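Q: First the structure, which I've put down as structure tokens, then a few questions once you've had a look.
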Amino acid sequence: MRRSMWAYALGLGALLASAASAGQIDEGLQEIIAGAPADQEFSVLVYLNDQVDLEAATRQMDVERATLQRRHEHVVLALQGVADASQGPMREFLQQGVDAGTVREFRAFWIRNFFHVVTTKAMIEQIAQREDVYKVYYDYEIELIEPMPVKENPIDDDQEPAGAEIGLVAIRAPEVWAIGIDGTGVLVSNTDTGVDGNHPALRDRWAGVADSRYQGHPEWAWLDPAFGQNDFPRDSNGHGTHTIGTVCGGPPGEVIGVAPGAYWIAAAPIDRISIQRTVQDVLVSYEWFLDPDGNPSTNWDVPAVNSNSWGVTTGHGYPNCDQTFWSAIDACEAAGIVMIYSAGNEGGSGLRRPADRATTPYNCHAVAAVDANNPNWPIASFSSRGPTRCTPDGREAIKPDISAPGVDVNSSLPGNRYGRLSGTSMASPHINGVVALMRQANPNISVDDIKQVIYETAVDLGNPGEDNSYGWGMVDAYEAVNRVLNANDPYACCFEDGSCSEALPQDCRAQGGLPSFGRNCGQVSCQQPGACCVNDEDCEQLTERTCNGRGGTFLGEGASCRSACPCDAIKKFNVKCSARGEAKIKVVYRTDAYNGQFVTVNVNGANFNVVVFERKAILFACCYTSVTAQMVDPGCFDPVTAACE
């Protein structure tokens, strides 16, 4: 007979474990459909198991020193090949559902081998149990990041600005134009509410009319997922017209864009009048951007960069760190498109999704807003701050990544107008334009190298180094362009062992190194390896950058792995139980480093936090006939069982 239980230890507390989601249904979707009748319909995204290894594809392209065209063709053909080879059975299954009336509609995607399906709860549960299915996600609603109120006395809507905008001067765009680089020959894009294709600052830059290769095919340069009106760009909201103006707006209108020589294309899946748009609409847009003309062997129609001034929050029902977008973003970047995201206008409440992702130093590229009208360039009060926990192991990481002007930004508005708006939505288009300048300077530079150069050349603001307000600081277009102008020359390449050699940037990444553009080994200080606790038990000698990328804890350059990680530091874990049913669980450490910290121990199914004091964490508990104890955090050692006798 089980007796009542008591336990005591300094700082003990119960921990609750979350229930696992059923089958292969995402936890967020599981919560939404729980309690719904079997015949209630939901819009879902069904991801299949077979997927392209995009990291391997990128490594292969680096080894080949591939051009941007080669990267695009290789990735798109691989994605389409996997979809063609694996989607047949699911298509047949879903069509049977349509015929039976249990599936209202479905659409297949090749960008990451998934289906959009509108179907019943009962059918979702059947789909999730299929062996070819990886996971089923809810098709969440999305919205743009609404601009913040403007400052007092904005310019009149019909007044055209004179001279370069102060934000363009702040990021040094006119200095780049002075050396003959203005984005000419580069195609840019945005995912927004649409664009007024008749605006004088934009009409001659829409690729659908500016580039003769689009003749007869306006649908290669404009996508309207809401109404299918793909003949000419339009914008009933104004947000998208404003953001693309900051990217490339120019004559015969006023020069309001960072890269006025660039051409643009656009997709309009966000906030279309009264029609609520969802994740699926953005994914439709991303697949279109990957291959607008439907020919993988061409990439003149594929944008070099895409900015996204939208996002979702928990307030929309969207779960923290949701991964629905991540794989599609990775596909776009593997094919050579630099994907940029506004951090959000929620201030200290955190970043929007997917800008909060920090699975690598480069994903996702989140942009904060600074006030370029103030000579001190303060961070905007509304600009979303980090940190984020959307990391490989849930530990904190710094976000956002970079800053740009986002307060009182003047740009184009529908109806041949100009006006000032504020928000991180206004900041990210500046980065879009800087990428266009960099791609003109070096057409085949890789996505990660572009981001690395932007980080390295930023004007540091706020706390020294990267911080949770400004990221790496204010983007500097002139320094970034100059770094990549001669990026086909050998530069410093830092390796995991802390050594440096000079190599071409492509060769550097192919060999596992980190290139430093524009500098030789005598001008850089490579990170030195140190102890990295990859998990509670395993320690490796890694650089801080690699350690963080693998979700580990870096203990410092030169630090030894000896007794470095929690499990290595534990000398003893034992359990005793007396005849009275009183259990004693003891954890003994080798060093004083863990004094004052807590360990979590599970005793017969209940979790307790126990503080470490003088190298020992001791828990007394009662009353039992036998005891099984296991360390939960850190997760060291197998369970230990002791009989009470």
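The values are calculated or read from the model by the stated rules, or taken from the named source; none is laboratory data. This one's a predicted model, so the numbers in the text were calculated from it and none came from an experiment. Positions of Cβ are backbone-derived with ideal geometry, glycine not excepted, and every protein chain shown enters the neighbour counts. Side chains are part of the model used for accessible areas, which takes the heavy atoms of the whole protein and leaves out ligands, DNA and RNA. Shrake-Rupley method; radii C 1.70, N 1.55, O 1.52, S 1.80 Å.
Q: What angle, in degrees between 0 and 90 and rounded to the nearest 10, separates the Cα long axis of helix 279-290 from the longest principal axis of the Cα atoms of the chain?
A: On a 0 to 90 degree scale, this one is about 60.
Q: Something else about it: Just to make sure I understand: if all protein chains stay in place, what is the order of H242, H74 by accessible area at 1.4 Å, largest first?
A: Correct descending sequence by accessible area is H74, H242.
Q: Hey, another quick one. Hey, with R₀ at 22 Å, roughly what FRET efficiency would A559 and E502 work out to, going by the Cβ-Cβ distance, to 0.05?
A: Calculated value: 0.20.
Q: Using 7 Å Cα-to-Cβ label points, what is the F613/R519 separation (nm, one decimal)?
A: 4.9 nm
Q: So if R0 is 60 Å, what FRET efficiency would D84 and K576 give, r being the distance between their Cβ atoms, rounded to the nearest 0.05?
A: After rounding to 0.05, the efficiency reads 0.45.
Q: With a point put 7 Å past each Cα toward its Cβ, work out how far R91 is from D638 in nm, to one decimal.
A: Those two pseudo-labels are separated by 5.0 nm.
Q: Apply the Karplus parameterisation 6.51 cos²θ - 1.76 cosθ + 1.60, with θ equal to phi minus 60°, to every residue of the stretch 247-259 and state each ³J(HN,Hα) to the nearest whole Hz, in sequence, with x for glycine and proline.
A: Working through the residues one at a time gives 6, 8, x, x, x, x, x, 7, 7, 10, x, 5, 10 Hz.
Q: A further question on this structure: Note the full-extension length gain between A56 and R104 as 0.36 nm times their separation in residues minus their Cα-Cα distance, in nm to one decimal.
A: 13.6 nm
Q: To the nearest 10 degrees, how steep is helix 88-100 against the longest Cα principal axis of the chain, on a 0 to 90 scale?
A: The angle comes out near 90 degrees.
Q: Moving on to the next point. In whole angstrom, how long is each semi-axis of the equivalent ellipsoid of the stretch 55-124, when you take the square root of 5 times every eigenvalue of its Cα gyration tensor and sort them from largest down?
A: Largest first, the stretch 55-124 gives 35, 10, 9 Å.
Q: Top to bottom by accessible area (1.4 Å), largest first, where do F620, F382, F325 land?
A: Output order, biggest surface exposure first: F620, F382, F325.
Q: On a 1.4 Å probe surface of the protein chains, which of E502, E125, E73 comes out largest in accessible area, and what is the full order?
A: Descending accessible area places them as E502, E125, E73.
Q: Taking the full set of protein chains and a 1.4 angstrom probe, give the accessible area of T628 in square angstrom, rounded to the nearest 10.
A: My reading of the accessible area for T628 is about 50 Å².
Q: Per residue of the stretch 377-389, what does 6.51 cos²θ - 1.76 cosθ + 1.60 with θ = phi - 60° give for ³J(HN,Hα)? Whole Hz please, x for Gly and Pro, Karplus curve as stated.
A: Coupling constants for the stretch 377-389: 6, x, 5, 5, 4, 7, 4, 5, 9, x, x, 10, 10 Hz.
Q: While we're here: Give the relative contact order (percent, whole number) for the chain; include only Cα pairs under 8 Å separated by 6+ residues.
A: It rounds to 14 percent for the chain.
Q: Can you work out the FRET efficiency for the pair V534 and C623, with r the C-beta to C-beta distance and R0 = 35 Å, to the nearest 0.05?
A: 0.30
Q: Next up: Is there a quick way to get the dipole size of the chain? I mean about its Cα centre, with the Cβ of Lys and Arg at +1 and of Asp and Glu at -1; what is the value in debye to the nearest 20?
A: Result for the chain is approximately 2120 debye, rounded to the nearest 20.
Q: Can you send over the solvent-accessible area of C494, 1.4 Å probe, protein chains only, in Å² to the nearest 10?
A: Rounded to the nearest 10, the figure is 30 Å².
Q: Run the numbers for V209 and T591: contour at 0.36 nm per residue of separation, minus the present Cα-Cα distance, in nm.
A: Length gained between V209 and T591: 130.5 nm.
Q: Could you grab the Rg to Rh ratio for the chain? Cα atoms only, Kirkwood for Rh.
A: 1.02
Q: Further question on the same structure: Can you give the accessible area of R277, probe radius 1.4 Å, in Å² rounded to 10?
A: Ignoring ligands and nucleic acids, R277 comes out at about 20 Å².
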